[in-house]
1. With every protein chain kept in the model, how would you rank His338, His245 by accessible area, 1.4 Å probe, largest at the top?
2. Could you compute how fast the stretch 484-584 diffuses translationally, taking Rh as the Kirkwood radius over C-alpha pairs and applying Stokes-Einstein at 37 °C with viscosity 0.692 mPa s? Give it in µm² per second.
3. Calculate, for Ile414 and Asn106, the FRET efficiency according to 1/(1 + (r/R0)^6) with r their C-beta to C-beta distance and R0 60 Å; round to the nearest 0.05.
4. Any idea of Asp209's accessible area? Nearest 10 Å², probe 1.4 Å.
5. Counting only heavy atoms of protein chains, what accessible area per residue, in Å², does the stretch 440-574 have with a probe of 1.4 Å?
6. So, for the stretch 622-684, what is the accessible surface per residue at a probe of 1.4 Å, expressed in square angstrom?
7. If I take all pairs of Cα atoms in the stretch 526-625, what percentage of them are more than 19 Å from each other?
8. Report the Rg/Rh value for the stretch 512-561, based on alpha-carbon coordinates and the Kirkwood definition of Rh.
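The values are calculated or read from the model by the stated rules, or taken from the named source; none is laboratory data. These figures come from a predicted structure and were not determined experimentally. Positions of Cβ are backbone-derived with ideal geometry, glycine not excepted, and every protein chain shown enters the neighbour counts. Areas reflect the complete protein model, heavy atoms only, side chains present, ligands, DNA and RNA absent. Shrake-Rupley method; radii C 1.70, N 1.55, O 1.52, S 1.80 Å.
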Amino acid sequence: MKNENIMKKTKKKNLYGLLVVFMAALSFAACSDKIDDSDLYVFKGESAYSYCAETEGLQKFAYLCSRVRLSGKSQSTVSELLSARGNYTVFAPSDNAIQSYLDSINNTPNFDITLTSDSIAEYIVRNSIIDNGETPAYLSTQFTVGTLGYPNMNNRYIQIDFGVDSINGRTLILVNGKSRIITSDEEVSNGIVHSLDRIIDMSNSSLPDLISQTENLRIFSRMLELTGWADSIVAYIDEDYEEYHVEEGSIDPGNTSGGEVGPSPEHRFFGFTVFPETDSVYVAQWGIPEPQLVNGIVQNWEEIEAAFIEKCKQAYPRATGTDLTKQDNAVNQFISYHLLPFSCTWKNLVVHHSEMGYAYNNPNTLTINCWEYYEAMGSPRRLLKFTEGRTTEGRRINRYSTYDNGFYGTYEEITVPRPGILVSQSNGKYSNNAINGFYYPINEVLIYDNEVPNTVLNERMRYDFASICPDLMTNGLRQVEDDTWRFIPSGYLKNWWYTEDTYWRYVPYHSEVQHNMQGDEINIIGQYDLTFRLPPVPYEGTYELRICAPQIQHFGMFQVYLGTDRLNPTPIGLPLDFRIASSNPNIGWEPDVDDVEINREIDKRMRNHGYMKNNKHGGIPAAGSTVTASLRSASGDYIRMRKILWNGTMKPDEEYFVRIKSVLNNTRTCCMLDYFEIVPRSVYAGEEVEDPW
């Protein structure tokens with residue numbers, strides 16, 4: 001073989017490109033699960049497949065692509081897919097990489113590639129290809145540390161990291177921690193091809209099994225097993241959905257225009273995210289005995305477990321149960337606070353999209369802090385707060401800061417009384433990407449101490465509606481990098497319930513200039529009647545519930561209900577009408593002026609009517625350029641406000657449900673859900689005026 005760092009291409013014959021398309025067209029005619037004929041055309045340049053087939057050093061990958069079918073119902077192959085229109089990012093393993101892998105798993109030098117089993121061929125090929133849909137394929141210049149936005153053909157997320165070549169000091173791009181990019185950014189007619197020195201080898205283990213195989217997580221893994229939580233985070237896929245779901249949905253199909261048709265999710269995967277401490281953290285911070293190994297087997301578990309149980313009792317003194325598998329036990333509560341009931345990619349752990357000063361086309365340059373609140377698994381109900389910004393030095397759990405948050409402030413951090421626990425996006429040489437989720441190691445022992453509910457979470461908690469939809473995140477639908485809306489059928493979303501006459505769609509609006517928090521929104525259309533569960537509050541007290549309220553002519557009017565009985569919540573207030581203009585005297589919106597006192601008077605008048613202006617933290621998206629204008633400053637048809645729905649006493653262990661029911665006969669009006677806020681009295685009626693951020 002010639003040096004694969006050079007990868008010289010053989011001469012292309014024009015007839016070959018025509019023949020590929022002609023043969024593909026013949027094979028498509030017999031397919032039961034066909035590639036759309038409109039996707040076939042004669043390339044002026046090379047397709048991803050023909051590039052690999054004609055490039056010395058990538059031809060074994062091309063051969064395997066010709067072997068792998070698109071699905072069990074299809075006769076079409078991946079080679080045909082990569083010969084058709086599209087935007088494909090291909091991480092093609094070199095011939096040497098494929099041969100080395102086949103020799104290893106078959107324990108046979110120079111294993112004959114034609115004898116490769118279908119399952120192995122599929123594993124290699126499907127792990128290597130990302131379908132970017134309507135958005136361009138990934139160039140290496142777009143890579144940042146973490147997971148790419150689209151999954152590969154195995155519905156797994158590819159992770160990117162960077163290293164340094166020990167010989168020449170050059171920066172290396174690493175795919176899933178082990179595979180090095182040899183050549184990058186080969187542009188073809190339907191995407192981008194990068195070549196690798198190893199196949200993309202992804203673990204097929206469940207999350208608890210992957211953790212148990214990881215040598216520096218022995219103690220956490222042991223306690224995950226002893227508490228029974230390991231058995232609670234193994235689910236992978238909803239087989240009933242695979243069998244019975246419709247491939248596309250419609251919004252109000254009975255309307256005169258025929259309705260809007262869009263795709264429904266292809267799969268319904270289950271997933272989880274875990275934040276484990278490494279053994280070294282327990283040893284250093286809790287004084288837990290270090291595991292003593294003989295032939296790879298820990299010999300001192302009894303000593304480790306006794307010390308661990310005692311530390312958990314000190315951390316959770318009210319959890320007095322003695323059975324580790326019960327949720328009134330201190331160890332059980334400790335472990336469950338490390339678990340999230342959805343699979344979260346590194347990118348979505350803290351979403352950056354349209355905060356002030358940020359440009360998502362330059363994702364490595366962070367600005368003001370952004371945050372997400374997620375409900376941990378188990379009982380009692382508890383929140384984890386994640387924060388990241390320019391000054392946080394990474395993603396942090398339960399960070400507490402004070403801010404320059406006055407009307408003319410910058411929202412820069414002033415003091416940081418509690419820095420928060422640092423989350424790592426990888427675990428060094430160990431894989432952290434399981435078949436049903438991720439784990440991210442943390443650098444301190446994570447405890448839900450008294451300061452978390454009473455200080456860290458004693459603030460205005462603002463949620464993007466997509467953040468309370470675990471199934472959107474697990475299935476890669478939140479913050480997808482295109483603008484295609486997805487129809488979400490009833491029963492798909494945990495913690496959401498809606499009728500057959502309710503049409504629920506998620507709209508990413510990633511690149512479109514929509515005046516929304518994080519760019520995205522949820523549209524509810526039809527004779528809608530839906531209910532969703534609120535996340536928990538941190539402590540018992542008086543809270544205010546608010547919702548983002550647009551003012552658009554074709555939007556709807558609905559009654560809001562709230563209560564602890566999901567099937568029978570109580571109506572709160574009068575029906576909310578999204579069609580009313582913000583300038584209506586019953587709202588009283590006016591644009592800000594240079595005089596802060598006048599602005600505060602406008603705010604007071606609006607609040608007396610049950611409304612507030614939009615926030616200053618979020619900005620008007622600039623199509624990937626730097627955000628310079630806040631949502632509060634929007635005008636014209638893009639004014640968004642906050643509607644105060646209710647205030648009253650809430651308890652952390654209670655479940656609260658919000659019901660939204662249309663009161664109009666017009667099924668084409670829309671209830672737009674962008675974000676909501678749960679705000680303690682200490683913020684909205686405290687000694688200081690609530691900040692506008």
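1. Per-residue accessible area, sorted high to low, gives His245, His338.
2. Translational D for this selection: 208 µm²/s.
3. 0.45
4. About 80 Å², rounded to the nearest 10.
5. Dividing the accessible area of the stretch 440-574 by its residue count gives 32 Å².
6. Details: 2500 Å² over 63 residues.
Per-residue accessible area for the stretch 622-684 comes out at 40 Å².
7. Details: 2923 of 4950 pairs.
Distances greater than 19 Å cover 59 percent of the Cα pairs.
8. The Rg/Rh ratio comes out at 1.00.
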